[in-house]
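Notes follow once the structure below has been shown.
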Amino acid sequence: QVQLVESGGGLVQPGGSLRLSCAASGSIFSINAMGWHRQAPGKERELVAYITRGGNTNYADSMKGRFTISRDNAKNTVHLQMNSLKPEDTAVYYCNAVNLGLGIDYWGKGTLVTVSS
């Protein structure tokens, strides 16, 4: 089992920045990749970005150049630096970890990001 706890959400003005963090615990050795998804009101959950154990990253097109995902292996933590935030970035952001061998996805409870003036 893997437990994920997100932090760092909140209210920010358009153009501002936020940094989300996700701390992983449990069977961390089994994780192949970690990432972030988000779900806006009335919309489906969508991928934001992910980072593999080897450090390879991938971003959704709308986040490229504005968001940066990184990991701190010593602290078993993944961060999402979000810059130039827009009102349409308002959503609940969920941390996700994947065990490819077993085909298991783990999810955090989510953290709310609100971009509004």
### Message
Give me the percent of accessible area attributable to carbon and sulfur for the chain, probe 1.4 angstrom.
### Response
49
### Query
Which residue fluctuates the most in the chain, going by a Gaussian network model with Cα springs under 10 Å, if the choices are Leu100, Leu18, Leu47?
Leu100
### Task
Send over a whole-number figure in Å² for the accessible area per residue of the chain, probe 1.4 Å.
53
#### Entry: More than 19 Å apart - percent of Cα-Cα pairs taken over the stretch 33-117
36
### Query
Put +1 on the Cβ of every Lys and Arg and -1 on every Asp and Glu Cβ in the chain; which of Val98, Gly110, Gly15 then has its Cα farthest towards the positive end of the dipole?
Gly15
### Query
So how strong a dipole does the chain carry about its Cα centre when Lys and Arg Cβ are +1 and Asp and Glu Cβ are -1, to the nearest 20 debye?
160
### Summary
Listed by chain and number, the residues whose amide H is under 5 Å from that of Leu85, excluding neighbours fewer than 5 places away on the same chain and using placed H, are Gly15, Gly16
### Task
Mind checking the full-extension length gain between Asn32 and Gln13? Use 0.36 nm per residue of separation minus the Cα-Cα distance, one decimal, nm.
3.4 nm
### Query
Hey, with R₀ at 22 Å, roughly what FRET efficiency would Lys43 and Thr114 work out to, going by the Cβ-Cβ distance, to 0.05?
0.90
### Message
Using a 7 Å offset from the Cα along the Cα-to-Cβ direction at both Lys64 and Ser25, what is the distance between the two label points in nm, to one decimal?
### Response
3.8
### Task
Count the lysine pairs in the chain whose Cα atoms lie under 24 Å apart, taking only pairs 8 or more positions apart in sequence or on different chains.
6
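The values are calculated or read from the model by the stated rules, or taken from the named source; none is laboratory data. Treat the numbers as computed from the prediction; the structure is a model and nothing was measured. We place every Cβ from the backbone using ideal geometry, glycine too, and count neighbours over all the protein chains shown. Areas reflect the complete protein model, heavy atoms only, side chains present, ligands, DNA and RNA absent. Shrake-Rupley method; radii C 1.70, N 1.55, O 1.52, S 1.80 Å.
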